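Take a look at the structure set out below.
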Amino acid sequence: MKDIIVWNNTLLDILISLAIIVGGVLIAKFIYFLFTKVFGKLAAKTASTLDDLLVEKFKAPFMFAAIIAAIWFAIRRLNIPETAETAIGKIYTVLITINFTWAFSRLFSGILQNVFERISLRDDAKVNKGMTFILQRAVTYLVWAMGILVAMHNVGIHIGTLLAGLGIGGVAVALAAQDTIKNLLGGIMLFFDRPFNLGERIRFATIDGYVMNIGLRSLRVQTLDGRIVTIPNSQVVDNAIENVTSEPSTRIRLTLGLTYQTSLEKMKLAMKLLSDLPKTVPTIEEKTSVNFMEYGDFSLKILFIYYIRKTGDYYQTQSDVNMEIFRLFSENGIEFAYPTQTIFTKSAE
């Protein structure tokens, strides 16, 4: 077997190199076993969740490192042309840099995830999951950009010259993609301002609905009639947004018109019945405002202001209030007005 020569290497050397590669794969599987069955169980027994995340994040980079290390040693022990050896050396420099970048990227992502999870456990904190995703993506892109630059520098590419060459083209690309850049910056501003969270109801221009997703480029809102609307982040940042969910209660203004035949006692009774509505409609707050506002063209107008509790359904509560007013007024003989005219005729003498 030693006398058999294949590509300037004995068959025995080639078989040993293949065995090293197979051994590297087996070591990678053993690393998977350690991280999953040993380190994972040990981390699960601790109170902290950071070690669980680190075990999960580092598992894949360590397995990849074992495999490329085995392939490297297997190739290095063989007789290969100098040009091929140089090319392979550069490839492995890139692979090693990429593996370190991958590990650091997953490390920072795990740390950020752990920090946001700990913040979300506080009673007074609300973590926007969409914005958390944006920040994790931004950190990941930054780490990978730095890793790629380091890899290019390690293989002999002059980064300064490359960046200078990309400068002119970058200006053209920036001008063409300025809307995209504005949306990305808008997403970052939404993260720091935190005007709303996922699942909350907002009003924006003519749009009224619930926030379904906050992405790097756009915001998705499900309107009250069930339609999904996608809004660029730049428009969200540049316009006023009303966070309906954050309101302690929703103010409802209701005008009721009673007939001019309504007596003073009936008017007082109507106003008292309205003031007592929170006793029979539990989804509205106790604070109300009832006022005899004006003498209209055909009715005596009462302004009734009440507040829907945060836990109450917006439309169902209004329906309950209106039904209760209808019932109480009917039982007490209080009549609603409708447009009428009184015409006087004068006969000719």
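Report whether or not Thr255 is among the hydroxyl-bearing types (Ser, Thr, Tyr), touching a residue at least 24 places away in the same chain (Cβ under 8 Å) and out of contact with any Pro (no Cβ under 9 Å at 6 or more places or on another chain).
So Thr255 fits the description; yes.
Out of Ala87, Ala74, Ala60, which single residue is surrounded by 18 or more Cβ atoms within 10 Å (Cβ to Cβ) and in a helix (DSSP H, G or I)?
Answer to the selection: Ala74.
Would you check which residues across region 211-252 are more than 23 Å from Lys310 (Cα to Cα), part of a strand (DSSP E or B) and touching a residue at least 24 places away in the same chain (Cβ under 8 Å) and list them?
Ile214, Ser218, Leu219, Ile231, Pro232
Looking only at region 4-14, decide whether some residue is farther than 30 Å from Ile157 by Cβ, modelled with pLDDT under 80, in a helix (DSSP H, G or I) and of a type in the set (A, V, I, L, M, F, W, C).
Yes, there is a match, as at least one residue in region 4-14 is farther than 30 Å from Ile157 by Cβ, modelled with pLDDT under 80, in a helix (DSSP H, G or I) and of a type in the set (A, V, I, L, M, F, W, C).
Does Phe35 satisfy the condition of being aromatic (Phe, Trp, Tyr) and more than 30 Å from Arg137 (Cβ to Cβ)?
No, not satisfied.
Looking at Ser275, is it of a type in the set (S, T, N, Q), over 44 Å from the mean Cα position of the chain (by Cα) and in the same structural domain as Val321 (by TED's automatic domain parsing)?
Criteria not met by Ser275.
If you go through region 304-321 one residue at a time, how many are assigned to a helix (DSSP H, G or I) and within 13 Å of Leu273 (Cβ to Cβ)?
Summing the residues that are assigned to a helix (DSSP H, G or I) and within 13 Å of Leu273 (Cβ to Cβ) in region 304-321 gives 1.
Which residue pairs have Cβ atoms under 8 Å apart, sit 6 or more places apart or on different chains, and have a first residue in region 258-283 that is surrounded by fewer than 14 Cβ atoms within 10 Å (Cβ to Cβ) and a second that is in a helix (DSSP H, G or I)?
Once the first residue is surrounded by fewer than 14 Cβ atoms within 10 Å (Cβ to Cβ) and sits in region 258-283, its partners that are in a helix (DSSP H, G or I) give Thr280/Glu324.
The values are calculated or read from the model by the stated rules, or taken from the named source; none is laboratory data. Just so we're clear, the structure is a prediction, and the values are computed from it rather than from any experiment. Cβ sites come from the backbone with ideal geometry, for glycine too, and all protein chains shown count toward neighbours.
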